[in-house]
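Take a look at the structure set out below.
The values are calculated or read from the model by the stated rules, or taken from the named source; none is laboratory data. As the structure is a prediction and not an experimental result, all values here were calculated from the model. Cβ sites come from the backbone with ideal geometry, for glycine too, and all protein chains shown count toward neighbours.
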């Protein structure tokens, strides 16, 4: 046989083999009932020209029974429905095994692949005949085809091992002629590239990580619902664009609603944090049921794959809310500890949620408010020294005042310091009670001094301002036991107990101590006031003759014993026969004088021979005669017996001091009468001693005359 003949036989044989191979494949295709779209020509998407490669490098998608089936790669086959390893035609004739990892990745792709639901996009299929549909130039059908191609390309990447994960758009084992580089990287066509990336994102965000706040059942996060004032419900809205792929599976009795980019969870009732409720969601498989993936074996087999389900969980509870009470003193804004409050849900405070006590910083918190709103706090116990105010006060707790945060519903309550008031009064020359002028606010304080004792112990105070004192201790700067009045009054704050003793230890200048200089007081009672009244310490000077008659005229001086020496006192004449002592008086002042004159009397009956001297401080005094009335002899200073000692004791009138002048004798003899000083407290009484003395004088005169007559 010639060489030419042998070559012809080989050529004919090859033609026959090729013809039958092509015919076999067409029959297989025809027997599958395909609707075949051939729209993308991947001229660069060829590993090599291999015998039997279909469509010269076109990537096709087959629609069988209106289901998407994916031609993984024209001219290449993977394996059968049993997922056993079968030969895979490529340059190296190596086999491909679809293991469970690849199978799971293909399921994830099919879960998010778009399914054609519009019947008009597909031609009618009859008698299982293959029908080729040309690629449309635009419209929904073209969009659907591109989306199908995107899924087809991803399945091819997984099957060949180019893609082992969805962490990136670029396959893990990428090469220059990969599906990604030929179409997606070049954005050709744009719809295919967008859909390719969408599927990768959807898989990555649903299988490799969970939507916002959701996790596995074992690692489910616990989040708080927030109070919604308008709906009067607890709720939370979680945002995430990947919620479009998830559906709600278990609501646990909660109200759960979903959009493509959010899930809202609501509850009308409180949920304890230690018993949260679980919400379960699952990946939303658009295609539902069984998806079909196409593998190019010898007979173009179809295999069914159920879309993978992935679950995500979250736990929710309703938070508690909190309020804070700040307790201060009204006097100095000092923080007050130990104050007790009831936290109530109604204005009358009959529904008590809890009781709290302020700490050393003056604050008390309550962190178990069930929901935001208006609550009431009622003081049930005030710290010692402060007034209890049991009026309920409203406090607003808002949705931001979540327990454990730094935000509180706050209320500041000020307690009034307990106050004890003292009023100091005096009486004037006519016995009328008047307010005391004590020189408050000047450098010349002339008022009284007081001490307050508790259980025999003298208390210390600090002066807040003139006439106002707060309780203190002896170690505090400027602490004092002496309390002074201001315009006849003082206030003492923050006495912590009820029973005390107050004593006037020093009378105002020119006045005497009250008849009861020490009093018991109860500052817890309704009347927290006490009044002390002082009388004037003064002299009523009377000038009399030997017969006891008041006589006018003469000049006198009041002297006070200082360091055992009597010194004339500077007085101020306020009216005829009326004088007042003022330690601040100067000789140049109007009315200032060292000379006292008695009243001359008048036709209306005013007594003559009297002088009144008021506001004398305690001490020893005497009246001396500087000039005797006409017709009377002058009494020398050393012979004056008009002596008086003014004591700091209860007086409501004047000390009465008399001076008796003797008529001038022609013989110049002196009277044997002896001057006697009588002190009368608050009233005038007959001078019995003087009367007896005068009777004795008369008796002596009678005896002398009798002897004379006998001679």
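Let's see how each residue does on (1) part of a loop (DSSP other than H, G, I, E, B); (2) at pLDDT below 90; (3) crowded, with 16+ Cβ neighbours inside 10 Å:
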site	(1), (2), (3)
469	no, no, yes
476	yes, no, no
513	yes, yes, yes
516	yes, yes, no
519	no, yes, no
533	no, yes, yes
For region 368-398, how many residues are in a strand (DSSP E or B) and either surrounded by fewer than 18 Cβ atoms within 10 Å (Cβ to Cβ) or at positive phi (or both)? 8
Of all residues being over 17 Å from residue 553 (Cβ atoms) and free of Cβ contacts under 8 Å to residues at least 12 places away in the same chain in region 591-637, which is surrounded by the most Cβ atoms within 10 Å (Cβ to Cβ)? Just the residue, please. 636
Go through region 182-192 residue by residue and tally those that are without any contact (Cβ under 8 Å) to a residue 40 or more places away in the chain and part of a helix (DSSP H, G or I). 2
Out of all the residues in region 552-565, is one or more surrounded by 13 or more Cβ atoms within 10 Å (Cβ to Cβ), assigned to a loop (DSSP other than H, G, I, E, B) and out of contact with any strand residue (DSSP E or B) (no Cβ under 6 Å at 6 or more places or on another chain)? yes
Filter region 479-494 down to the residues that are assigned to a loop (DSSP other than H, G, I, E, B) and touching a strand residue (DSSP E or B) at 6+ places or on another chain (Cβ under 6 Å) and list them by number. 479, 481, 482, 485, 488, 494
